[in-house]
Structure formats: structure tokens, C-alpha cells
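Written out below as C-alpha cells is the structure these notes cover.
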Amino acid sequence: MRVTVVGGGVIALLTAVECALDGHRVTVVDQGPIPYSRATSFDQHRIIRALHPDDPPATRAALRAHRRWLELEELFATRFYERVGALTVLPPAAADAGTVLLADAGGRARTLTAGALADRYPHLSLGGAAGAVLEDDAGVLLAERVLSACVGWLKWQPGVGLLEHRPAVAVDGESGRVTLADGQVLDGDGVVVAVGPWARRLLPERVAKSLALYRQSLLYCRVPRGAAEAWAATPAVPALGTRRGAWLIPPVAGTALKLSSAAVCRQVDDLTDNATPERWQQELTAEFADLLPGFGPAWVLGTKDCYYLSHAETGGPLVVSLGGSAHAYAACGGSSFKFAPLIARTLADRVLGRVPDRTGLAALDADPLDARP
Ligand SMILES: Cc1cc2nc3c(=O)[nH]c(=O)nc-3n(C[C@H](O)[C@H](O)[C@H](O)COP(=O)(O)OP(=O)(O)OC[C@H]3O[C@@H](n4cnc5c(N)ncnc54)[C@H](O)[C@@H]3O)c2cc1C
């Protein structure tokens, strides 16, 4: 088959890898360079953790994704997964339940008490924390390195082409045709559209209307020299247990310490620039002053805003059928990087006419939303 993949982020690139591994001809087309610095996937790091409290299927799916990332490191002969673990701060009973859930799903984790947290992580003020789950099969994916590794691998595959700086302006699922802004038409037997937060501009109006756009601010920080060793042994912290939903990614493999919180994620009308307005920088700086001893503006090296789309009805991801064998990953729901290998496999299955691999993730296993004209 000839498959056209529109987009050059993690979902599109891994879908292209899946199709190429199955021996198909693939053309990947992006509006910018591949990878593109404005893509949501393009960042120093992303967290991968398995624990989804109260959701055993998603927890099992995340453990499968963890194993698939390790296989991909082998395939691409590149290291991009820093297995520093993940720490989720929770009330004691919930932490115990989380540890049991992970063990039942085949993962490795332990509960830490408030005392153990204070001993292990004196550079984090987890004063209000009563307990936490520390999981081992988790950590930090070096996102930019993942994208470069995909591109490096794809470039060497026979039958794979990468078209850069070529925005797609129309997709006809029934005929498998993708029209580019310069008028070129790409004919294929199947199409996958994974254009991240730009999806509302390319997908049919009624799909676009069902998607909500979010913008989130991030601080990139240095850590004091004296605390470098402690930070090097710090896991990713997807939940610091605060009311505002603070989280952080430690400075692994030469990256910065990254700080953000759910409180600085807001719904917006349009995808515009990636600069962080002063107000949101100040909110984050004030928030982390209470969480990291000694933290202040002097730690901040840079800032960035990133966008993602969610299905407005569910708040999660959305797969749509565009007719024929064309499918779109219309919304990522804000946490698709870690699941990208499973998402890519499912999208490849659908476009290649195979029975889709069941992932355990409801949004992926459900029938795609029918968006045929
Ligand atoms: C602040 C923040 C933190 C996050 N943290 C995590 C995390 O810790 N763990 C996790 O698992 N997930 C996380 N996510 C989510 C994750 O980053 C995204 O789900 C994922 O990167 C989305 O990838 P994508 O390939 O769908 O989109 P993108 O990476 O945005 O790629 C889309 C690509 O499509 C291209 N494109 C757009 N329009 C066109 C067009 N018309 N023609 C051709 N090409 C086009 C773009 O140029 C771009 O390269 C986070 C998201 C945000 C915003």
C-alpha cells in the first residue's frame, strides 16, 4: 500500500514507522521542517508513568507503552528513555491502592510515607504530602531525541519519503488524496492525519467544532550547583499533590528542570505564538516558591507555551474516520506522548485494514467518530 501521513510529530512519525515496518510505501508531509520546533511533541522531555489511579486498563496500557519504548530504542539504536522512575504524591490510602494497582498490572512500585519522602527528597517541599507511589518502569522520554531518532530511521527505509515545508490543505478520505498548499496532490491507498493542535484547520467543520484548544505555560530552570546530585536522583513528578496540580520533570541528560501546573493550562480560541505572557510566568514562579526550597526567578532559564486539543465531550483524545482508509488522530487529550507507540500501532492497523490492536484506552478502542462528508 501507499500511505500518506500528514504531520511530523510523534504520532505521525511513529505511525510512519509502523507502516514502513510492515513493508508499505510511506510519504510523511509536514507544514514545517521534520521535526518542527512548534510541534507539541518538540520539547526537551515528556513524562512516562504507568499509574492511572482507578483505571487498571490504562495502567496496563502504559506498561505496554513502556515496553514498546524500550523496543524502539533498540530499533533506532538511540537512547532517549531516562528510566528515573515517577513519583505520584497521593493521600496514604490512595498511594497504597496505587501500588497494588501497579503490582496487579505487572509493574514495579512502592509506597513512600511522608517521612520517607522528606528523607529522600529534601530539595522538594512536600510538606503537605502524606504519601506517594514511586514506580520504577517509568521516567522521562527525551522528546526531541525521539523525533530525531524516528526521522533518522525513516530516512534509511526504502519506499519512505519525507516532504518538509509542505502544508496539506485538503484530505479526501474516499479517494486517498491529500492536496498540498502548492497544488501538488499526493495519491495514496490510505491516509493518516496527525497534525496535533492544528487539526481544527484541516479536519471537517463538525469535527473541528467538537475540539477544545488548550494552552499551557512551562518554566525551564537550572538547579543550584550544590543540589545537582540530589536532582540527578529525582524521579519525574507528574503530581506534587498540590491543589493547583503542580508537576515537574527533573534535569536529566543535560536538560533543564521543567516546572508547570494544571493551573496554568487554559482554554483558548486560537493557536498563536509560543511566548509565555508575564502573568503566567509569575503564577508559576509564585507556585514553585512554596514547593522548591530556595527557588526564585534566578533559576528560570526560559519559558514556553505549548498547545493541545481535546475532544470537548470527553476531555480526552479523539480518533475520526475520514472515509475510505483515511483516519485522523484529531485530538491528543494532553497526554499522548507516552502512549504514542500504541496510538501509532492502532492508526497503522486502521489504515492498513488490519484488525486494530486493542490498547485498553477507551478513546482508541472505540469505533472512530464518523467524519465522512
Ligand atoms: C505542556 C504539555 C505537556 C505535556 N506533557 C506530556 C507528558 O508529560 N507525557 C505525555 O505523554 N504527553 C504529554 N503531553 C502531550 C503530548 O506532548 C502530545 O499529546 C503529543 O506530543 C502530540 O503529538 P502529535 O504528533 O499529535 O502533535 P504535534 O507534535 O503537534 O505534531 C503535529 C505536526 O503536524 C504538523 N502539521 C500541522 N498542520 C499541518 C498541515 N496542514 N500539513 C502538514 N503538517 C501539518 C505540525 O507542523 C507538526 O509537526 C503534553 C502536552 C503539553 C502541551
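To the nearest 10 Å², what's S125's accessible area with a 1.4 Å probe?
50 Å²
Please list D55, D96, D43 in order of solvent-accessible area, largest first, computed with a 1.4 Å probe with all protein chains present.
D96, D55, D43
In whole angstrom, note down how far apart the Cα centers of the stretch 224-298 and the stretch 313-351 are.
Centre-to-centre (Cα) distance: 28 Å.
Heads up, I need the accessible area for T242: 1.4 angstrom probe, whole protein in place, Å², nearest 10.
Accessible area of T242: about 50 Å².
Work out how far the C-alpha atoms of the stretch 241-298 reach from end to end along every principal axis, then list the three figures in whole Å, largest first.
36, 28, 22
Return one whole number: the accessible area per residue of the stretch 195-334 in Å², for a 1.4 Å probe.
Each residue of the stretch 195-334 exposes 42 Å² on average to a 1.4 Å probe.
Once you have the alpha carbon radius of gyration of the stretch 179-267, what is it after dividing by 2.2 N^0.38 Å, with N set to its residue count?
Working: Rg = 20.0 Å, N = 89, 2.2 N^0.38 = 12.1 Å.
The value comes to 1.65.
Scaled to the compact-protein estimate 2.2 N^0.38 Å, what is the alpha-carbon radius of gyration of the stretch 119-182, rounded to two decimal places?
Cα Rg divided by the expected 2.2 N^0.38 Å: 2.11.
Can you pull the percent of Cα pairs in the stretch 120-249 with separation above 23 Å?
Summing the P(r) of the stretch 120-249 above 23 Å gives 60 percent of all pairs.
Evaluate the relative contact order of the stretch 227-373 (contact order divided by residue number), counting alpha-carbon pairs under 8 angstrom at least 6 apart; express in whole percent. Before the final figure, lay out the partial values.
On the way: 180 pairs, mean separation 20.5, N = 147.
Computed over the stretch 227-373, the figure is 14 percent.
List the lysines whose Cα lies under 22 Å from the Cα of K338, skipping any in the same chain that are fewer than 8 positions away.
Result set, ordered by chain and number: K258, K304.
Whole percent per 10 Å bin, from 0 to the bin with the longest distance: what is P(r) over all C-alpha pairs of the stretch 1-77?
17, 36, 36, 11, 0
Probe 1.4 Å, all protein chains in place: accessible area of E144 in Å², nearest 10?
About 70 Å², rounded to the nearest 10.
Give me a comma-separated list of calculated 3J(HN,Hα) values for the stretch 312-321, in order, Karplus coefficients 6.51, -1.76, 1.60 applied at θ = phi - 60°, integers in Hz, x for any Gly or Pro.
Running phi through 6.51 cos²θ - 1.76 cosθ + 1.60 with θ = phi - 60° gives 4, 5, 10, x, x, x, 8, 9, 10, 9 Hz.
Report D for the stretch 160-218 in µm² per second (integer): Stokes-Einstein, Kirkwood Rh on Cα pairs, 4 °C, 1.567 mPa s.
99 µm²/s
Output wanted: per-residue J couplings in Hz (rounded whole) for the stretch 43-50, from phi through Karplus 6.51 cos²θ - 1.76 cosθ + 1.60, θ = phi - 60°, x for Gly and Pro.
7, 5, 8, 9, 8, 10, 9, 8
May I have the extent of the alpha carbons of the stretch 232-373 along their three principal axes, as whole Å values ordered from largest to smallest?
Here the Cα extents, ordered largest to smallest, are 56, 36, 27 Å.
What residues have an amide H closer than 5 Å to that of G32, excluding those fewer than 5 places away on the same chain, when H is modeled at 1.01 Å from N in the peptide plane?
HN-HN under 5 Å from G32: H165, R166.
Ignoring any ligand, DNA or RNA, what whole percent of the accessible area of the chain comes from carbon and sulfur when the probe is 1.4 angstrom?
After summing per-atom areas, the C and S share lands at 51 percent.
Want the number for L271 to R83: 0.36 nm per residue separation, take away the alpha-carbon distance, what's left?
64.4 nm
Per residue, how large is the accessible surface of the stretch 1-140? Use a 1.4 angstrom probe and give square angstrom.
Here the residues of the stretch 1-140 average 38 Å² of exposed surface.
Using C-alpha positions alone, give me the convex hull volume of the chain per residue in cubic angstrom.
Roughly 127 Å³ of hull volume per residue.
Over the stretch 110-232, calculate the relative contact order: mean separation of alpha carbon pairs under 8 Å at least 6 apart, over the residue count, as a percent. Can you show the working numbers first?
Numbers: 85 pairs, mean separation 18.0, N = 123.
Relative contact order here is 15 percent.
Per residue and in Å³, how big is the convex hull formed by the alpha-carbon atoms of the stretch 31-182?
Numbers: hull volume 25.1 nm³, N = 152.
So the per-residue hull volume is 165 Å³.
Got the relative contact order for the chain handy, in percent, Cα pairs under 8 Å and 6 or more residues apart?
About 22 percent, as a whole number.
Ratio of alpha-carbon Rg to the 2.2 N^0.38 Å globular estimate for the stretch 291-373, to two decimals, please. Don't skip to the end; give the middle numbers.
Numbers: Rg = 17.6 Å, N = 83, 2.2 N^0.38 = 11.8 Å.
Output field value: 1.49.
The values are calculated or read from the model by the stated rules, or taken from the named source; none is laboratory data. Source: prediction; values computed, not measured. Please note that ligands, DNA and RNA were not included when accessible areas were found on the heavy atoms of the full protein model with its side chains. Shrake-Rupley method; radii C 1.70, N 1.55, O 1.52, S 1.80 Å.
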